[in-house]
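Notes follow the structure.
The values are calculated or read from the model by the stated rules, or taken from the named source; none is laboratory data. Predicted, not measured: the structure shown is a model, and the values here were computed from it. All Cβ positions, even for glycine, are placed from backbone atoms using ideal geometry, and neighbour counts span all protein chains on display.
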Amino acid sequence: MKKIVVLFACVLMVLSSMTLLAEGAKEAGEGKKIVANIASTFPPDSPQDKGLKKFKELAESRSNGRIEILIHPSNAMGDERQTFEMLSEGSVEYGVLGTNDISTYFPKYYISEVPYVFASQDDFWKFWEGPGVELSQMIEDQRNVRTEGIIYRGARYLTANRPVRTVEDVKGLKMRLPPVDAWFKVWEYLGALPSNIAFGEVYMALKTGVVEAQENPPETILNYKFYEAQKYMVATEHIYSAARVMSSKMWWDTLSAADQKLLTEAMDEGVAYANSITRDGDAKFVEELKKLGMTLIEVDKSAFKEAVQPVLNEIAAKEWDPEFYAKVQEALK
């Protein structure tokens, strides 16, 4: 009996030692130096960049410098697709991109940024706080890329070197589009002649006349100086764009719970700060662009929406996940 008691006491001592070691390891993990790179596809001083700088300031301050955040703007580490792949593989800690990864890897769910699906900024948030949460979880589960925050970029405007006032004026318009199949289908249906030109080459393509039009939110038109190559800014507001702050799940899972909490809270505040800039930013950026010489053209958006409805119905029937699309439609009511 005495031997059993002694053996039991020894087991308790071993378990206690193991617990202390585990706690010590956890404390060591919480105290380790962390360097996190952010591969951003957005330029310096953009709302997204300002949000990242706020995140950097808070994370470094609250960790007393133990956590270091390095921001690499303007596609310095790669374009959207390359950034998403790096996040998926765990070769970069954070990335900030639009939604082209969804169109590339999850095309059946690429509904949020197809022309005239959303009618307002309210619709944008109804999606990202509703069905978009499910989509973000799907991306995390299948590609190991976490969504840390959504930043509203604004409504996309058409810019051109000739006036576009009606749907008929789009016919024959040589315009640049990103490689998104649904976008090509919609603009081609309206009679435009779209070309796939890398974003970094858009400015020179406009300046040299390779294309005569492009489309982006006003803040992008301003920050990338497209106003130097375009005369007209057309308030089509055909898409309400998102910037998404992402992280590598492979990297995230190596962090202690305390560091995850610290980074999450800092990021939430950084994203909120960026959204405070963009929430009413379109009007501000449009005014700045007008001062820089662009002519604003207001159009009948309902006429554009009505004109593209047949092709949207076709895309929905052939390409979108019907259950997910039904959830989107319900959320937007």
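Filter segment 295-307 down to residues that are in contact (Cβ under 8 Å) with a residue 40 or more places away in the chain and part of a helix (DSSP H, G or I) and give me whichever is surrounded by the fewest Cβ atoms within 10 Å (Cβ to Cβ). Break it down into steps so the answer makes sense when it comes.
Filtering segment 295-307 down to residues in contact (Cβ under 8 Å) with a residue 40 or more places away in the chain leaves 295-301, 303-305, 307.
Filter once more, keeping what is part of a helix (DSSP H, G or I): 301, 303-305, 307.
Working: K301: 15, A303: 11, F304: 22, K305: 16, A307: 18.
Step by step, filter segment 295-307, then rank; the result is A303.
Report the residue count in segment 158-182 for those that are touching a residue at least 40 places away in the same chain (Cβ under 8 Å) and either of a type in the set (G, A, S) or closer than 17 Å to K301 by Cα (or both).
Looking only at segment 158-182, we keep the residues that are touching a residue at least 40 places away in the same chain (Cβ under 8 Å), and these are 158-167, 173, 175, 178-182.
Filter again for either of a type in the set (G, A, S) or closer than 17 Å to K301 by Cα (or both), leaving 158-160, 163-167, 182.
Qualifying residue count, segment 158-182: 9.
List every residue pair whose Cβ atoms sit under 6 Å apart, with the two residues 6 or more apart in sequence or on different chains, where the first one lies in segment 73-91 and is surrounded by fewer than 18 Cβ atoms within 10 Å (Cβ to Cβ) and the second, anywhere, is not in a helix (DSSP H, G or I).
Here the result reads S74/P43; G90/S248, each pair linking segment 73-91 to a residue that is not in a helix (DSSP H, G or I).
Among (1) more than 30 Å from I67 (Cα to Cα); (2) over 19 Å from the mean Cα position of the chain (by Cα), where does D259 come up short?
(1)
Are any residues in segment 31-54 assigned to a helix (DSSP H, G or I) and either outside the structural domain of G98 (by TED's automatic domain parsing) or within 11 Å of I151 (Cβ to Cβ) (or both), and if so, which ones?
Passing the criteria: P47, Q48, D49, K50, G51, L52.
Condition check: under 15 Å from E237 (Cα atoms) and not basic (K, R). Does P179 satisfy that? Walk me through it before giving the result.
Working: under 15 Å from E237 (Cα atoms): no; not basic (K, R): yes.
No, not satisfied.
Quick test of your reading of the structure: P322 fulfils all but one of (1) surrounded by 12 or more Cβ atoms within 10 Å (Cβ to Cβ); (2) modelled with pLDDT of 95 or more. Name the failing condition by number.
It is condition (1) that P322 fails.
Say whether the condition of being of a type in the set (A, V, I, L, M), over 25 Å from L289 (Cα atoms), more than 22 Å from the chain's Cα centre (by Cα) and modelled with pLDDT of 95 or more is met by at least one residue in segment 197-215.
Let us first name the residues in segment 197-215 that are of a type in the set (A, V, I, L, M), namely 197-198, 202, 204-206, 210-211, 213.
Those left that are additionally over 25 Å from L289 (Cα atoms): none.
The answer is no, given that none of the residues of segment 197-215 is of a type in the set (A, V, I, L, M), over 25 Å from L289 (Cα atoms), more than 22 Å from the chain's Cα centre (by Cα) and modelled with pLDDT of 95 or more.
For the subset of segment 256-294 comprising residues that are surrounded by fewer than 21 Cβ atoms within 10 Å (Cβ to Cβ), closer than 20 Å to L58 by Cβ and among the hydrophobic types (A, V, I, L, M, F, W, C), which member is modelled with the lowest pLDDT?
I277
State all residues of segment 179-208 that are within 17 Å of V164 (Cα to Cα) and not acidic (D, E); if no residue qualifies, say none.
Keep residues of segment 179-208 that are within 17 Å of V164 (Cα to Cα), which gives 186-194, 206.
Listed by number, the residues that qualify are V186, W187, Y189, L190, G191, A192, L193, P194, L206.
Quickly run through segment 308-333 and pick out the residues that are outside any helix (DSSP H, G or I) and either over 27 Å from the mean Cα position of the chain (by Cα) or among the aromatic types (F, W, Y) (or both).
Correct list: W320 only.
Pick from segment 122-135 the residues that are in contact (Cβ under 8 Å) with a residue 60 or more places away in the chain and not acidic (D, E): which of them is farthest from E237 (Cα to Cα)? Can you show your working first?
Keep residues of segment 122-135 that are in contact (Cβ under 8 Å) with a residue 60 or more places away in the chain, which gives 123-124, 126-128, 130-131, 134-135.
Checking the rest, the ones that are also not acidic (D, E) come to 124, 126-128, 130-131, 135.
Numbers: F124: 12, K126: 17, F127: 17, W128: 18, G130: 22, P131: 22, L135: 24 Å.
Looking at the filtered set, the residue picked out is L135.
Each row is one residue, and each column tells you yes or no for (1) among the aromatic types (F, W, Y); (2) part of a strand (DSSP E or B).
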residue	(1), (2)
F118	yes, no
D123	no, no
K126	no, no
D141	no, no
E148	no, yes
P163	no, no
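Can you find even one residue in segment 216-233 that is among the β-branched types (V, I, T), surrounded by fewer than 22 Cβ atoms within 10 Å (Cβ to Cβ) and either outside the structural domain of Q137 (by TED's automatic domain parsing) or part of a loop (DSSP other than H, G, I, E, B) (or both)? Give the steps one after another, and end with the answer.
Let us first name the residues in segment 216-233 that are among the β-branched types (V, I, T), namely 220-221.
In the following step, the residues that additionally are surrounded by fewer than 22 Cβ atoms within 10 Å (Cβ to Cβ) were identified as none.
Among the residues of segment 216-233, not one is among the β-branched types (V, I, T), surrounded by fewer than 22 Cβ atoms within 10 Å (Cβ to Cβ) and either outside the structural domain of Q137 (by TED's automatic domain parsing) or part of a loop (DSSP other than H, G, I, E, B) (or both), which makes the answer no.
From (1) crowded, with 18+ Cβ neighbours inside 10 Å; (2) assigned to a loop (DSSP other than H, G, I, E, B), pick out the condition that doesn't hold for L135.
Unmet for L135, out of (1) crowded, with 18+ Cβ neighbours inside 10 Å; (2) assigned to a loop (DSSP other than H, G, I, E, B): (2).
Identify, from the list E330, E298, E319, E287, the residue that is closer than 15 Å to V186 by Cα and of a type in the set (D, E). Break it down stepwise before answering.
Numbers: E330 fails: closer than 15 Å to V186 by Cα; E298 fails: closer than 15 Å to V186 by Cα; E287 fails: closer than 15 Å to V186 by Cα.
Matching residue, one of E330, E298, E319, E287: E319.
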